[in-house]
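Report on the following structure.
Rule-based calculations on the coordinates, nothing more; no lab input. Worth saying up front: this structure is predicted, and the values here are computed from it rather than measured. Heads up, the Cβs are rebuilt from the backbone with ideal geometry, glycines too, and the neighbour counts pull from every protein chain shown.
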Amino acid sequence: MKISIALPSGRLLKDTKYFLEDVGIKVKEPDSRELISSLNDYTFYFPRVFDVPVYVENGVDLGICGSDIVLERKNDVYVPVDLPFGKCRMSLIVPKGKRISPEEMEGFKIATKYPEITQDFFLKKGIKVKILKLNGAVELAAKVGIADAIVDIVDTGNTLRANDLEEVHKIIDISAVLLVNRITQKTKFDFVNDLITNIRKIK
Amino acid sequence: MKKDIFAESKTLSNIVNKMRNILIQNGYYELFPPSVAQYSENLKKGMKFSDGKNFYLLKPDVTSWLIEMDKVEEKQKIFYVSEVLNENLNSTWQLGFEILNGEHLKAEEEIIRLTIELLKNLEISNFFVDVSSIKVWKNVLNKAATYKQDVIKAIEVRNFGLIEGLEIDQEIKNEIGELFNFRGKQSNINSLNTLLKSINDERIFIDLGTIKYMDYYEDIVFEVYAPDNGHLLGNGGQYKINDKYACGLAFNLEVIKEMKR
């Protein structure tokens, strides 16, 4: 049976490779700058991590990425199991010494790579904010002062400390997740269920 | 390169004409739903807009519009070809067909038989139809009423881990686990067994786990898919209009067009 898997290029790739090997799927990284590789019955795709759910929604059998990306992109895919790596959190962050609760942020400018998650978070609290969508180095926006606060991923907290920022509220916990295409779940039912069972045993 | 709108339309037109002929031969007539409907939270999909006084939806889902119209008296067999928008203005063309004021199980059987005939006429044979029961899920949801939204979320992403984290009886969790993982030809749900037996086609399966939770469906739901395409060809199910039994299915014409390519 042929299986295609979209893997996250970037910081999750190493852990993803080790983890898949633990569940019996040996990953071959592509040669040079190619974005596709094959080994045994598996074809591996290496898109940008933000695009993994798009590939899975549109026909790639499986994918692995962070749960933050699934929540942000809202693609129509199954997310049957959390994986035991890529653990971090998404938090609301302000410049050090300007601590304020989210409920007091009416009218604030919030910079983030995650406009959907940020909007949902403040909407649930009934607070109107202006969201500035950035593509990276979000800490800079708070430091320069173009935003009053930022929403971003926090792992060790070192980046925050280095930029004189502090967390005021954890929005969600994040981990790597397995994604399954809706049709693959039907057509490769036993394979997918066995894989999920194996993953749950390892967890 | 600019999209060739004429070639695209010609392909779509050929597909729709073939399907239209079969539907008319089977006693269905074409319904022309309006492009704009007064906003209601019962209407699904569509692009919400306002003229300054009222809210409206542009191109909403047709089945939810039919239910909202609440006009059915006599038996009607209808079909429609319609563009459906979502809130991001992404559009899909659908061909749907519905039996309004039909009979329990006979309506479902006719809809599935017609689905098979329509695809056969388009020379698509490598497809499957999965049937499931919303009623079975609703029963479980009632047992875990406090966590209804959490269970629905878990069903939608098919994540049993989310269920395990809830403070509900282990017995209910086990029941949900069984529903998640049931796929076969014979279940303990009589209506689904009867349906499979009467249609007798090896491409139909009972798959209780792979459903999308739509709140207007009452019991039996279907999904049509092909192994060589990552999207559903169509989906549908049984619902009620004006307390009359109804059942229908909508094909995603973009996916069918891809398969024909």
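Quick notes on this structure:
- Counted residue by residue at 0.36 nm each, then reduced by the alpha carbon distance between them, the extension gain from B:GLU117 to B:LYS257 reaches 48.7 nm.
- Under the simplified labelling scheme, the A:GLU103-B:GLU87 pair shows an inter-label distance of 2.6 nm, with each label point 7 Å from Cα along Cα→Cβ.
- Rh (Kirkwood; distinct C-alpha pairs) - the range A:88-173, Å: 12.5 Å
- Two-site label geometry, A:LEU132 and A:ALA162: point separation in nm, points 7 Å out along Cα→Cβ: 2.1 nm
- Histogram of C-alpha separations across chain A, 5 Å bin width, %: 1, 7, 15, 18, 16, 13, 11, 9, 6, 3, 1, 0
- Calculated FRET value between B:ASN54 and A:ASP194, using beta carbons and R₀ = 41 Å, to 0.05: 0.15
- Pairs of Cα atoms in the protein assembly as shown fall into 10 Å distance bins, from 0 up to the last occupied one, in shares of 4, 17, 25, 27, 18, 7, 2, 0 percent.
- Label reach from A:LYS143 (point 7 Å along Cα→C-beta): in the range A:164-203, amide nitrogens under 12 Å belong to A:164-165.
- A:GLU116-B:GLU30 FRET efficiency (beta carbon distance; Förster radius 41 Å; 0.05 resolution): 0.60
- Rounded tilt (10° steps) of B:5-25 against the dominant C-alpha axis of chain B: 70 degrees
- Relative to the longest principal axis of the Cα atoms of chain B, helix B:148-157 runs at roughly 60 degrees.
- Axis angle, to the nearest 10 degrees, between helix A:115-125 and the longest C-alpha principal axis of chain A: 60 degrees.
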